1. Scanning segment 249-272 for residues that are under 30 Å from residue 38 (Cα atoms) and surrounded by 10 or more Cβ atoms within 10 Å (Cβ to Cβ), which turns out modelled with the lowest pLDDT?
2. Kindly provide the set of residues from segment 47-63 that are farther than 15 Å from residue 14 by Cα and over 49 Å from the mean Cα position of the chain (by Cα), ordered by number.
3. What about residue 246, is it closer than 30 Å to residue 47 by Cα and modelled with pLDDT of 75 or more?
4. Assuming residue 110 fulfils every condition listed in (1) out of contact with any helix residue (DSSP H, G or I) (no Cβ under 9 Å at 6 or more places or on another chain); (2) surrounded by fewer than 16 Cβ atoms within 10 Å (Cβ to Cβ) apart from one, which condition is it?
5. Under 8 Å by Cβ, and 6 or more places apart or on different chains, what pairs join a residue from segment 142-155 that is more than 12 Å from residue 170 (Cα to Cα) with one that is assigned to a loop (DSSP other than H, G, I, E, B)?
6. How many residues does segment 220-243 contain that are assigned to a loop (DSSP other than H, G, I, E, B), loosely packed, with under 10 Cβ neighbours inside 10 Å and modelled with pLDDT of 75 or more?
């Protein structure tokens, strides 16, 4: 049967189905005799269903077989492409992981080099400050020597700042403010350690149009533990997306109701 013929036949069947619905709407069941009429109506509906099945089922079966074949063919073809895509992405992921490892190694090496450079700068600065302070035994002489170091054009900014802090300590000592001098000395040491040397690491270039991120695959789920976590508010409720409603209804029919489930009673009628 062609598609056009099938549509024409369906239209003709609709002409026989519509009156059945109209009769059902007009039916009033208020006496035992009306129940008999209702039973006859349901039997007539069953007969009409058989006619519809004989008209539609062959085409549905044929279309279903064609659908199954096309789905199988598509799966067979796309499986090969999916496997190829996985192979390529796995190779890209392996490359990106290696690049991340190289980057981390480079960053760690740069950090160590920056720390070594920082210690070198601090050692050199402290050496100059110590040399200046050894130029005299009196506090005034040491302050004057530090002032000369500060004013020296060859003095680095780090050395100059450290010398200023050390000179502040000496001035406080000279004024007899030993407690403040001790605190100033502590602050000077903290400031020296806070000196930052920016690590310079060679970062591998990124590939345009290709990105990677960490993803997590679920190996297993302990349903009892997860539901307990949801009940305690430690996990969002939307982690559970679906419920076995058929099983819940079956248990309700066995007079078993569960907390959190609202039921609406209905009645099903069967005709033999």
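1. Per the stated criteria, the residue is 271.
2. Step one: list which residues in segment 47-63 are farther than 15 Å from residue 14 by Cα, which gives 57-63.
Scanning segment 47-63 gives no hits.
3. Taking the combined requirement at face value, the residue satisfies it.
4. Unmet condition: (2).
5. Final answer for the pair search is 149/155.
6. Number satisfying all stated conditions: 7.
The values are calculated or read from the model by the stated rules, or taken from the named source; none is laboratory data. Predicted model, so just to flag it, every value in this text is computed and none were measured. Every residue, glycine among them, receives a Cβ derived from its backbone with ideal geometry; neighbour counts consider all protein chains shown.
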